[in-house]
Every structure is written in C-alpha cells, then in structure tokens.
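Peer 1: Handing you a structure now.
Read-outs: derived from the displayed coordinates by stated rules, not from any lab. These numbers were taken from a predicted model, which means no experiment stands behind them. When we count neighbours, we look across all protein chains shown, and the Cβ atoms used for this are built from the backbone with ideal geometry, even at glycine.
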C-alpha cells in the first residue's frame with residue numbers, strides 16, 4: 001500500500017510439509033517472515049508508486065508536447081492567413097462576377113469545392129474567399145500544394161507521423177489534415193496526388209477519421225475540403241491516372257476560374273492595383289500608364305494569366321523613374337511565342353514604338369541626361385538607342 005491506496009498483493013507460500021509438533025514453531029517463524037515480507041511490500045509499493053507516477057508524468061509531457069506542437073503549427077498557419085490580403089480579387093468583368101456569385105452560393109455550406117483553371121488565374125484566392133465567407137472563418141485555413149511535395153513525403157505531410165515511424169522521423173509530426181480540424185483544407189494541384197495514396201485520402205474524407213503514419217490510434221477530424229487543379233481530371237480518370245471515386249468526391253461543386261484573356265476588361269484595374277502595391281513597397285509613386293502600353297497589355301493573350309501580369313508590373317515599377325509607369329512590353333514575347341504568333345510580336349512592337357515616341361516628344365527629342373527619354377523610360381542611353389534602331393525610330397519621327 002502507498003498513501004492509503006492498494007497497489008497490489010504480495011503472496012508467499014511454502015511446499016514444505018510440517019508435522020503437528022513442528023507446526024507451533026513454524027507459526028512463530030511465519031510471523032517473523034510476515035514482518036520481513038511486510039517491509040519488502042512497503043519498498044515494493046514505493047517503487048511501484050514511483051513508476052506509475054513517472055509513467056503518468058511522461059504521458060502528460062508527451063501530450064503537452066503534442067498540443068504545443070499542434071498549437072505552434074496552427075499559429076504559423078494563422079500568421080500566414082492574417083498576412084494575406086483577402087481583397088486581392090480585383091475585377092469587374094462578367095466572367096469574374098459569375099465566379100464570385102458561385103463562391104457566395106457555396107461558401108455557407110460544407111460542400112467540397114473543386115476549383116479548376118489555368119495556372120496563375122488565382123485559384124488560391126478563390127479558395128481563401130470560400131473559407132472567409134464560411135462558418136469556419138474563425139478556424140484555420142490550411143493549404144498544401146500536392147505538386148510541391150515529393151510523392152514519398154506527401155502521405156506524412158497530409159496525415160502526420162509518429163516518432164520512429166520511418167527512417168528520419170526523429171519527432172512526432174502533426175499532418176495538415178489534423179491541423180485543419182474545424183477549419184478548411186485547401187489541396188492545390190490535386191492531379192499530382194499519387195495513385196497509391198488516393199484510397200487512403202478518400203477514406204479519410206468519407207469516414208472523417210485517419211491514422212498517423214506509425215500509429216494505430218484513429219483520429220476523428222472535421223474538415224471542409226477545397227481542391228484545385230489546372231489539369232483535366234476527367235481525362236486523367238479515363239486514362240486510369242486518377243481514381244474516379246476520388247474525382248467525384250472532389251467534384252461536388254465545381255468552380256472554373258476564367259483565364260485573364262477572357263476578362264481583358266479587368267486588366268487596367270489589375271495593372272493599377274499591382275502597380276500601386278509594388279510602388280508603395282518600393283517607396284515609389286506613379287500616376288498613369290501610357291495608353292498605347294495599356295492597349296498592348298489588353299491585347300496580349302497572357303499564358304501565365306494574373307501571375308504573369310503581376311510579375312511584369314513589378315518589373316515595370318522597378319524600371320520606372322517618373323510618374324508614368326514604364327511597362328517593358330518587349331519582355332512579353334519569348335522566341336517560341338514569337339514564332340507561334342507573329343501578330344502578337346508585331347502588336348507589342350508597335351505599342352513599344354509608340355510608347356518610346358511619346359516619351360521622346362515629351363522630352364523634345366532629348367535622349368540622355370536626368371530629364372531625357374532614357375531616364376524616363378528607365379533605360380540606359382545605349383539600350384534606348386539600340387531599341388530605337390530595332391524599331392526603326394529616327395529623328396524625323398519625333
């Protein structure tokens with residue numbers, strides 16, 4: 001016994017046969033043995049009590065470490081979430097408004113959403129908008145790009161693992177699915193999920209429970225799933241590259257984000273939005289964009305969509321030195337694209353030529369110096385002269 005609590009029983013017995021005459025003396029010796037065994041029992045009780053206490057402390061420490069690990073990872077995701085601007089969906093086109101109407105319709109439900117669209121169209125922004133407008137908005141939004149994680153590590157990233165589950169698992173890891181409990185899980189590029197992992201993922205979503213790698217303990221989870229892809233999943237199903245049951249589990253409510261070429265009327269808004277944002281970050285200011293440059297941007301087919309436009313505008317802010325945003329239109333054309341679409345090359349070269357002529361007319365033909373055309377265009381004088389020769393610009397033109 002320890003602290004008034006029975007921990008167990010210590011029993012002693014003898015197979016030695018005694019006669020009636022020996023019994024009296026034997027009973028006397030038994031009393032001595034009982035006192036000795038009582039002292040032994042007290043020491044055993046102390047050891048057992050300490051061992052149980054140590055085991056309980058170890059369990060509590062493990063549980064605390066697990067909870068701290070979960071909280072730390074949740075904190076990281078929440079910090080990333082707070083750092084994101086949810087008003088980045090910019091545009092007034094009918095195509096974009098249709099998508100936003102679908103988002104408003106489905107957001108208040110728990111239905112799985114499959115966001116489809118070309119790369120760079122802003123699928124993650126749509127996923128974040130769905131989460132922000134849902135009843136789960138106060139919980140974590142967890143994202144995972146399935147194409148960015150090596151296939152051998154994707155299962156651990158999704159479901160987590162226990163310490164020692166595999167070589168290199170030196171500590172317990174909480175998976176993205178567990179971190180998204182009560183919140184939303186955004187799986188980007190789901191077309192890259194390996195076939196062998198798809199059944200386990202399907203079971204987790206259907207049964208709302210899973211096991212970490214190296215564990216037999218089932219963990220219940222309540223997650224709203226939003227998936228995205230730029231691939232044709234239906235064709236992948238037909239080609240046996242994607243499970244049909246998982247495809248239909250994703251495609252409860254499909255949303256297709258239009259490419260930028262189908263919402264060209266949004267380009268001026270996006271140009272000014274990205275321009276102001278990057279200019280503020282670089283402590284610069286601009287007031288306008290040359291009309292011919294804006295027209296060229298609206299005519300370009302934008303294979304990289306909004307992401308390509310933002311990258312171009314960021315470079316434009318870096319290059320610009322005056323109040324007019326100098327857009328490096330020539331950078332839009334790659335040799336492959338120029339060969340595939342000569343008309344695009346001609347259109348951009350015409351816009352670039354008109355832009356340079358407009359600046360030179362404003363500077364009254366001055367190319368060099370602090371107020372010259374090269375400075376206003378953010379170019380070296382030699383570079384501007386080279387572009388003028390290439391575009392056939394002579395003195396009489398301006």
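Peer 1: So for 55, 161, fewest C-beta neighbours within 10 Å to most, what's the order?
Peer 2: Ascending Cβ contact count within 10 Å gives the list 55, 161.
Peer 1: What is the range 247-310's relative contact order, in percent, from Cα pairs under 8 angstrom and six or more apart in sequence?
Peer 2: 46
Peer 1: If you don't mind, there's one more thing I want to ask. Rounded to the nearest 0.05, what FRET efficiency do residue 206 and residue 43 give with R0 = 35 Å and r taken as the Cβ-Cβ distance? Could you check?
Peer 2: Once the sixth-power term is evaluated, E becomes 0.05.
Peer 1: In addition: Could you line up 256, 394 from fewest to most neighbouring Cβ atoms inside 10 Å?
Peer 2: 394, 256
Peer 1: Give me 153, 133 sorted ascending by neighbouring Cβ count inside 10 Å, so fewest comes first.
Peer 2: Fewest-to-most Cβ neighbours within 10 Å comes out as 153, 133.
Peer 1: Using 14 Å as the cut-off for backbone N distance, which residues of the range 360-383 belong to the label zone defined by a point 7 Å from the Cα of residue 394 along Cα→Cβ?
Peer 2: none
Peer 1: Given the Cα-Cα distance of residue 138 and residue 269 and 0.36 nm per residue of separation, how much length would full extension add, in nm?
Peer 2: 44.1 nm
Peer 1: Distance in nm between label sites at residue 9 and residue 217, each 7 Å beyond Cα in the beta-carbon direction?
Peer 2: That separation, rounded to one decimal, is 3.3 nm.
Peer 1: Also, I was wondering about something else. With the alpha-carbon atoms as the only input, what is the per residue convex hull volume for the chain in Å³?
Peer 2: 236
Peer 1: Say R0 is 41 Å: what FRET efficiency, to the nearest 0.05, do residue 111 and residue 330 get from their beta-carbon distance?
Peer 2: Working from the Cβ atoms, E equals 0.35.
Peer 1: Take residue 234 and residue 299, extend 7 Å from each Cα along the Cα→Cβ direction, and tell me the distance between the two endpoints in nm.
Peer 2: About 3.5 nm, to one decimal.
Peer 1: In addition: Would you mind computing, in nm to one decimal, how far apart the modelled labels at residue 382 and residue 195 are, each placed 7 Å from Cα along Cα→Cβ?
Peer 2: Going from the residue 382 label point to the residue 195 one covers 5.7 nm.
Peer 1: Okay, moving on. Where is the GNM fluctuation largest for the chain (alpha-carbon springs, 10 angstrom cutoff): 234, 58, 45?
Peer 2: Ranking 234, 58, 45 by mean-square fluctuation puts 45 first.
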